[in-house]
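Q: I'd like to ask you about the structure that follows.
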């Protein structure tokens, strides 16, 4: 079962799903090597707690959790033109699932029906995709049908502008798959928006000695976002041929109409460089539970955050020389050490 970005589900796996017998939702039977999925609408009528309880039951019996809502097409006053309902649905599914499961978002790409509002623009499709990913989606599917002016089950493929945009989005997801599949880290950056009505949501990854910030404006309109970063950082805006620079421990960038930006920030110094300088390091690595931090005397205001493979912070210390992970399950963790001079991320293994 594919649980990460990169590549497509195999036709053989999809064929098994198509051939699988009807299953009883009350029993939540998971047939061996059979793909099952649950597709849930985010908004509904009736009792919320009852709906959440029932949905949680269905989630227990599926391999891949799917969600679809098409806010640009929708004509209802609750969701119409509100793109943030896409990540809102992902948030709900992740919260309702008792255990982590691959979570897919289905994205609108066509004008679905004449009774609807309108079809999305390529920019809106891009925004919905990255909103979903930033909020935890691990797969993307595209709704490609249209019933107007006549039924076309492959309408996306017949829209040259939209299909080029979708190809571009997919190419970026494929290219960044190793980054997206790495753990989400916390504590590296924070963001503020000059327009309080337009929040900026973001996801931070660390891969191959560089930090990546995926950011999206969650409302229409324009705003300027300010991101905190280590002093001296240089920032590449991927796919836009732009370079930004840190000033006063932050950098700023403009967002408009659900805009999306992806930033790559090379590490100021690698772990090996810090070791050579006598800067800081964590030992023993691998370790059994108690880890020690060695650092130069001139490194002040040291904050240590430890995150697991899902990016959840499991430990935090301030100016301590040791930290204890004895209560955590074995595996690898990311230690983010922030001082008044730099931020260093170190991967450790807990035996």
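Q: For residue 222, all conditions in the list (1) surrounded by fewer than 20 Cβ atoms within 10 Å (Cβ to Cβ); (2) under 30 Å from residue 304 (Cα atoms) hold save one; what is the number of the exception?
A: (2)
Q: Let me ask another. Is at least one residue of the range 199-214 closer than 17 Å to residue 343 by Cβ and not in a strand (DSSP E or B)?
A: yes
Results for (1) outside any loop (DSSP other than H, G, I, E, B); (2) under 22 Å from the mean Cα position of the chain (by Cα), shown as yes or no for each residue.
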position	(1), (2)
78	no, no
83	no, yes
86	yes, yes
95	yes, yes
98	no, yes
107	yes, yes
116	no, no
119	no, no
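Q: Condition first: free of Cβ contacts under 8 Å to residues at least 40 places away in the same chain and surrounded by 15 or more Cβ atoms within 10 Å (Cβ to Cβ). Now tell me which residues in the range 156-192 satisfy that.
A: Result: 163, 179, 182, 191, 192.
Q: Any idea which of 90, 134, 107 is in contact (Cβ under 8 Å) with a residue 60 or more places away in the chain, within 30 Å of residue 60 (Cα to Cα) and surrounded by 19 or more Cβ atoms within 10 Å (Cβ to Cβ)?
A: After ruling out the rest, the residue left standing is 134.
Listed here are the residues, each with its yes/no results for (1) at pLDDT 80 or above; (2) touching a strand residue (DSSP E or B) at 6+ places or on another chain (Cβ under 9 Å).
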| site | (1), (2) |
| --- | --- |
| 254 | yes, yes |
| 258 | yes, yes |
| 264 | yes, yes |
| 267 | no, yes |
| 272 | no, no |
| 279 | no, yes |
| 292 | yes, yes |
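Q: Out of all the residues in the range 305-328, which are over 18 Å from residue 184 (Cβ atoms) and at pLDDT 80 or above?
A: 317, 318, 320, 321, 322, 323, 324, 325, 326, 327
Q: Does residue 215 fit the bill of being closer than 22 Å to residue 91 by Cβ, modelled with pLDDT of 95 or more and surrounded by 14 or more Cβ atoms within 10 Å (Cβ to Cβ)?
A: Yes: the conditions hold for residue 215.
The values are calculated or read from the model by the stated rules, or taken from the named source; none is laboratory data. From a predicted model like this one, the values you see are computed outputs, not experimental measurements. When we count neighbours, we look across all protein chains shown, and the Cβ atoms used for this are built from the backbone with ideal geometry, even at glycine.
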